[in-house]
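K.L.:
Just dropping this structure here.
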Amino acid sequence: MVLLLCIFFAFSYFDSKYLLVATDAEYAKNTGRQLLELFLVVSIAAAIFLSLLIYSVLSTQNAARRMAYAISKDMSFSKEQFRRFYELSPVPYLLISPKGAITRPNKASLRFFGRTEENLIEKNFFSFLSLPEHSEKIMRYKDSAERRIPVVQKEVQVLLDSKELRWALLSIEDITTPGSYEHNCLVTLVDIHEQKELERIKTEFLSLASHQLRSPLANLKWYIDFLLNRRRDQMSEEVQGYLHKMYRRNSDMIELVNTLLNLSRIEMGRVKVEKESADMEALTKSVIEELEPTAQEKKISMETTFVGDLLLDTDIRLVRIILQNLLSNSLRYTKENGKVSIRLSGSTSQIRFEVEDTGVGIPPNEQGSIFSKLYRATNAKEIEANGNGIGLYMCKELVAGLGGTITFVSKLGEGTTFTFELPR
Amino acid sequence: MNGKKILMVDDDLAFCEMLSEILREEGAEVLVEHDGASGVEKALSEHPDLVLFDVMMPVMSGIKALEKLRADGWGKNIPAILLTNVNQPEAMAASLENGPPTEYLLKVDWTLDQIAERIKKILEAK
């Protein structure tokens, strides 16, 4: 560009200076000078152009060199950072070959195994895994690693140096980079030993608690039952009345203990769903019948509507618990002379259960928490101090366990409708 | 239940007394023991028509006692009821897989009359 500009200006200059001269002799003399001057100007322009060119090439090279330096510095920095992250992570990591030979354990893994690095390197990782009843599973994980299929968060027991077995969640991921000849798998072990121990203790506690809590309640039930059925003639009406009351309170207590135990079982994932074909209308009617005395006491009318095919393959024990909870809630939070409506409608894909009441309703700002465990709405607490905040939580868990959904619509002071749908 | 011999093995004395009264009223002969080991001994010597074992008992548990009974030629097919308040019916069921006519009842869910009724039904079906 610079060169072209110089040539252009040189030509314009010479044109204006020499072309106006008239004679041939002068013209010839001037042409020599003209060429000489033109050559001079062009050489200067070329020199400037060349030096500019060299400068720009040199400076580009420098910039590239600087950039390469910065990148390599960055890379070694991130490499170092990554190394430190790997080494110092509190999570036990090991690099193993696809065959299982340990190549690089991090510090946390040494702590986990209770071994030194020398003691672990080159050893086969899978020889430290133990699942007495599931040795096949270990072989499967080994096979997966060899075929570079990821193993994701599997529960295993790891044999430590102390010969103790410790529970961990095992993940194996092939991290070989494309084009690399060295094959590496990253093993991650998440220590879940405390969790597993707590689970075991909880299970033991539950079975003990269920026995210890139920035994005296069962005894009381039998004593009262025995007296009322077989020693009735030895008791006055008054005594019999009190015994009936005792029997009812004891039954409440049995129900509460059963609820708590059921809840614990749900939380441990130990409720088995046992399906059988059952008529939901008959089931609903029997639950209503159980609660009829409470409704009568509060002069609450209970209305039912049954529409469509109401035969369902389901676990009636669980559906009964759900209905019992929703209905007794409705009765509890509906004032005297109120109304509770129960509607069942069956379609080809599901059965919908609706329990509507004219009760106190749920405050709008608390509606999001109503299915949370131990949560009780503020107005519910005012009405009934003794609720346990478990019923709706349990309903939600049980409906989910049966593959259905539960929702509600509520207006403060006007009433609430709970709806749950169970698929066919 | 006339003439039927029933063996009750439970360390809860009051329960044994009350249930035996009901069963005797129905015409059954009732034998009572309070621990698993004596229960097995009594069962093997008396050959009752039905045995009723509590699960958690001193000396020997009901499950262990039933296992011993099932190992015996006569005891192999004897109807048995296991009574308990432990919340593990599945675990219980697994331990009873080999014994054919065994029932598991959660004590707290049953009244004495219901238990007696259940026993009657099992004996009638025998």
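Rundown of residues vs (1) within 18 Å of A:ASP279 (Cα to Cα); (2) more than 31 Å from the chain's Cα centre (by Cα); (3) modelled with pLDDT under 90, yes/no style:
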| residue | (1), (2), (3) |
| --- | --- |
| A:ASN337 | no, yes, no |
| A:SER349 | yes, no, no |
| A:ASN365 | no, no, no |
| A:GLY368 | no, no, yes |
| A:GLY387 | no, no, yes |
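K.L.:
Restricting to segment A:282-327, what's the tally of residues that are in contact (Cβ under 8 Å) with a residue 60 or more places away in the chain and surrounded by fewer than 17 Cβ atoms within 10 Å (Cβ to Cβ)?
P.N.:
Final tally of qualifying residues: 1.
K.L.:
What are the residues in segment B:7-45 that are without any contact (Cβ under 8 Å) to a residue 40 or more places away in the chain, buried (at least 16 other Cβ atoms within 10 Å of the Cβ) and of a type in the set (Asp, Glu), if any?
P.N.:
Within segment B:7-45, B:GLU29, B:GLU33, B:ASP35 qualify.
K.L.:
Answer yes or no: is there a residue in segment B:23-40 that is within 18 Å of B:LEU82 (Cβ to Cβ), modelled with pLDDT of 90 or more and within 14 Å of another protein chain (Cβ to nearest Cβ).
P.N.:
Looking through segment B:23-40, at least one residue is within 18 Å of B:LEU82 (Cβ to Cβ), modelled with pLDDT of 90 or more and within 14 Å of another protein chain (Cβ to nearest Cβ).
K.L.:
Would you check if there is a residue in segment A:104-112 being loosely packed, with under 14 Cβ neighbours inside 10 Å and modelled with pLDDT under 90?
P.N.:
Within segment A:104-112 (the criterion being loosely packed, with under 14 Cβ neighbours inside 10 Å and modelled with pLDDT under 90), the answer is no, since none of the residues qualifies.
K.L.:
Turning to a different aspect of this structure: When you look at A:ARG200, is it without any contact (Cβ under 8 Å) to a residue 40 or more places away in the chain, surrounded by fewer than 17 Cβ atoms within 10 Å (Cβ to Cβ) and either within 8 Å of chain B (Cβ to nearest Cβ) or in contact with a Phe, Trp or Tyr (Cβ under 8 Å, 6 or more places away or on another chain) (or both), yes or no?
P.N.:
no
K.L.:
Now a separate question. Could you list, in sequence order, all residues of segment A:87-103 that are modelled with pLDDT of 90 or more and under 31 Å from the mean Cα position of the chain (by Cα)?
P.N.:
Across segment A:87-103, the qualifying residues are A:GLU87, A:LEU88, A:SER89, A:PRO90, A:VAL91, A:PRO92, A:TYR93, A:LEU94, A:LEU95, A:ILE96.
K.L.:
Now for a different question. Take the residues in segment A:399-413 that are touching a residue at least 24 places away in the same chain (Cβ under 8 Å) and more than 20 Å from A:LEU263 (Cα to Cα); name whichever of them is surrounded by the most Cβ atoms within 10 Å (Cβ to Cβ).
P.N.:
This residue is A:SER410.
K.L.:
Since A:VAL273 meets every condition but one in (1) assigned to a helix (DSSP H, G or I); (2) within 19 Å of A:CYS395 (Cβ to Cβ), which condition does it not meet?
P.N.:
Unmet condition: (1).
K.L.:
Residues of segment A:113-143 being at pLDDT 90 or above and closer than 17 Å to A:GLN153 by Cβ, which ones?
P.N.:
Of everything in segment A:113-143, just one residue is at pLDDT 90 or above and closer than 17 Å to A:GLN153 by Cβ, namely A:PHE125.
K.L.:
Any idea which residue in segment A:215-256 is farthest from B:PHE15 (Cα to Cα), counting only those that are of a type in the set (Gly, Ala, Ser) and within 13 Å of chain B (Cβ to nearest Cβ)?
P.N.:
Restricting to residues being of a type in the set (Gly, Ala, Ser) and within 13 Å of chain B (Cβ to nearest Cβ), the top hit is A:SER251.
The values are calculated or read from the model by the stated rules, or taken from the named source; none is laboratory data. Bear in mind that the values here come from a model prediction, so they are computed numbers and not experimental data. Methodologically, a virtual Cβ is constructed for each residue, glycine included, from the backbone with ideal geometry; neighbour enumeration extends over all protein chains shown.
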